[in-house]
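See structure below.
The values are calculated or read from the model by the stated rules, or taken from the named source; none is laboratory data. What you see is a predicted model; the values in this text were computed from it and never measured. No Cβ is skipped: glycine too gets one built from the backbone with ideal geometry, and neighbour counts run over all protein chains shown.
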Amino acid sequence: MFAGVRQRMVQEQLAGDPERPIRNSAVLAAMTRVPRHEFVPASQHAEAYMAWPLPIGFGQTISQPYIVALMTEELDPQPTDRVLEIGTGSGYQAAVLSGLVAAVFTVEIVEPLARDAAARLGRLGCRNVQVRAGDGHEGWPEAAPFDAIIVTCAPESVPPQLLAQLRDGGRLIIPVGPLGDQELRLLEQRPGRPGQRAVLPVRFVPMTRGAGRSAVPATFNL
């Protein structure tokens, strides 16, 4: 039912963006394959493939398709990569990554969202994804090091624990800054000091601590 509109989304919003088109064929294929409408409430299905973010409950949103594709392309995912995602939300970004890399470890601070995302990802066959409810600032230390880390919520500065869990040569894409003044940055782990560059101005929900998480991280099986 949604295959045609999803293909138009990829062609028009992603590959057809007039200023910064998405060119990575594997990323475009993943965006074509993953049913975005499965990751939004039923009341939002008609808007699932539109060019804007949508609410998913608990004050959280699913990013617009272009931002998901851009962050994935900037991360340059490889088939052998182990990727950490901070900010699972409904699980859409994890599902996109699932078909591009070897393993995805994703952390969500709001436990009901993490639980629902795990069930959804399992139902859709994303068997190389593990979901945890916990504080994203802490990452997933026992699964480190990671080849790449993607953060889909905005801290005011890059959490040092995440950089510590990135292997040498690994890549981290993250929105940084207070609400209304955020910048998407790509960092590469290098000896001494990470290299980084600005990608573009963005607007993400803030990265939070405390409320909505268990004292001990809970990992859900798919």
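Can you say whether P175 is assigned to a strand (DSSP E or B) and either within 16 Å of V83 (Cβ to Cβ) or at pLDDT 95 or above (or both), as far as the supplied structure shows?
yes
Could you tell me whether G177 is of a type outside the set (A, V, I, L, M), in contact with a strand residue (DSSP E or B) (Cβ under 8 Å, 6 or more places away or on another chain) and on the phi > 0 side of the Ramachandran plot?
Considered against the rule, which asks whether it is of a type outside the set (A, V, I, L, M), in contact with a strand residue (DSSP E or B) (Cβ under 8 Å, 6 or more places away or on another chain) and on the phi > 0 side of the Ramachandran plot, G177 comes out as yes.
If a residue has to be touching an Asp or Glu at 6+ places or on another chain (Cβ under 9 Å) and of a type in the set (S, T, N, Q) to count, how many in segment 1-57 make the cut?
Qualifying residue count, segment 1-57: 1.
Quick one: would you say L54 is closer than 24 Å to F2 by Cβ and in contact (Cβ under 8 Å) with a residue 40 or more places away in the chain?
No: the conditions fail for L54.
Say we look at segment 13-44 and pick out the residues that are among the acidic types (D, E) and surrounded by 12 or more Cβ atoms within 10 Å (Cβ to Cβ); which of these is modelled with the highest pLDDT?
The residue in question is E38.
Is segment 122-142 home to any residue that is modelled with pLDDT of 95 or more, touching a Pro at 6+ places or on another chain (Cβ under 7 Å) and of a type in the set (V, I, T)?
no
Here are S63, S90: which of them is of a type outside the set (A, V, I, L, M) and in contact with a Pro (Cβ under 6 Å, 6 or more places away or on another chain)?
When all the criteria are applied, what remains is S63.
With segment 45-144 as the region, which helices (runs of 4 or more DSSP H) entirely inside it contain at least 3 residues that are surrounded by fewer than 18 Cβ atoms within 10 Å (Cβ to Cβ)?
By residue number, 111-123.
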